[in-house]
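The values are calculated or read from the model by the stated rules, or taken from the named source; none is laboratory data. Treat the numbers as computed from the prediction; the structure is a model and nothing was measured. Positions of Cβ are backbone-derived with ideal geometry, glycine not excepted, and every protein chain shown enters the neighbour counts.
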Amino acid sequence: MGRVTADIAVSLDLVATGHDQSEEHPFGPHVGHRLHTWMFDHADDSPDEIAAILGARAYVMGRNMFDPHRGDWVSEWQGWWGPEPPYHAPVFVLCSRPREPLEMQGGTTFHFVTEGPEQALALAREAAGDGDVSIAGGPTTLDAYLAAGAVDELRLHVVPFTVGEGLRVFDRVPDLAMVPVAARTTPHVTHLTYRRA
C-alpha cells in the first residue's frame, strides 16, 4: 500500500486560502494567486516538488477546492482547471450533495463522495493500488486528515509573505507530532517536508 501525502501552499502565517472565494478568485480577492506563483511563474525553480505533487495515483479534495459555489451543484461547473485537469488520476471530492462522476480529458475523473473523509480516503486508496494518495486540500480537508493521523508525509510550500486573514493549516488539529526530513529554499518559496512521527 502506498503512502498518504499532502501538499499545500501557505503564507508565512500559514494561510492556505482567503475569504470570499468566487469563480474569479479561487483563493479570495485578498490572496489572489500569490500563493502559487512559485508553481506557475517560477516552475523551473521547483521541478521535483511539482513532480511530487502530480505523482500520486489518486487524490482527495474538499468541495471548495473543486467548486466555489455553495449549496446545489452548478451543472456546468467542471472545476478550475479547464477540460484537462493536471491530476490525470481519480479525484475524490468530499461534499454533502451527490453528483455523478465527472470524466475529464487526460485521465482525471472527479468522484463526489458524500459519506465523509474516511470513505473518501478508502476509495482513493483502492483506486491508487500500491501508489500514493494525495490529500490535495484545501486547509479544512487537510486538517481533518492530519487530526485523524492519516497523513504519512506533509509537504508545506511556504511563500514569503503574510496574509493576516483566511483559513490556516493546523487550526483544527489538536495535537500533532511530525519529524522534519527535508527543506529547500528558492527565491520564491521554501519547501518543507515532514513525516509522521
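In segment 17-53, the qualifying residues are those that are at pLDDT 95 or above and among the aliphatic types (A, V, I, L, M), and the one that is surrounded by the most Cβ atoms within 10 Å (Cβ to Cβ) is LEU35. Strands (runs of 3 or more DSSP E) fully within segment 66-181 that include at least 1 residues being among the polar types (S, T, N, Q) and either touching a Ser or Thr at 6+ places or on another chain (Cβ under 9 Å) or over 21 Å from ARG195 (Cβ atoms) (or both): 109-113, 133-137.
Residue-wise test of (1) in contact (Cβ under 8 Å) with a residue 24 or more places away in the chain; (2) within 14 Å of the chain's Cα centre (by Cα).
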residue: ALA16; (1), (2): yes, yes
residue: SER22; (1), (2): yes, no
residue: PHE40; (1), (2): no, no
residue: ASP45; (1), (2): yes, no
residue: MET61; (1), (2): yes, yes
residue: MET65; (1), (2): yes, yes
residue: PRO68; (1), (2): yes, no
residue: PRO86; (1), (2): yes, yes
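With the condition kept exactly as written, say whether any residue in segment 121-139 is closer than 21 Å to GLY71 by Cβ and among the polar types (S, T, N, Q). Checking segment 121-139: not a single residue is closer than 21 Å to GLY71 by Cβ and among the polar types (S, T, N, Q). Entry remark, segment 109-156: residues being more than 17 Å from LEU167 (Cβ to Cβ) and either of a type outside the set (Gly, Ala, Ser) or in contact (Cβ under 8 Å) with a residue 12 or more places away in the chain (or both) number 31 in total.
The single condition among (1) assigned to a loop (DSSP other than H, G, I, E, B); (2) out of contact with any Pro (no Cβ under 9 Å at 6 or more places or on another chain) that GLU49 does not meet is (1). So how many residues does segment 71-97 have that are closer than 15 Å to GLY138 by Cα and loosely packed, with under 15 Cβ neighbours inside 10 Å? Residues that pass the stated criteria total 1.
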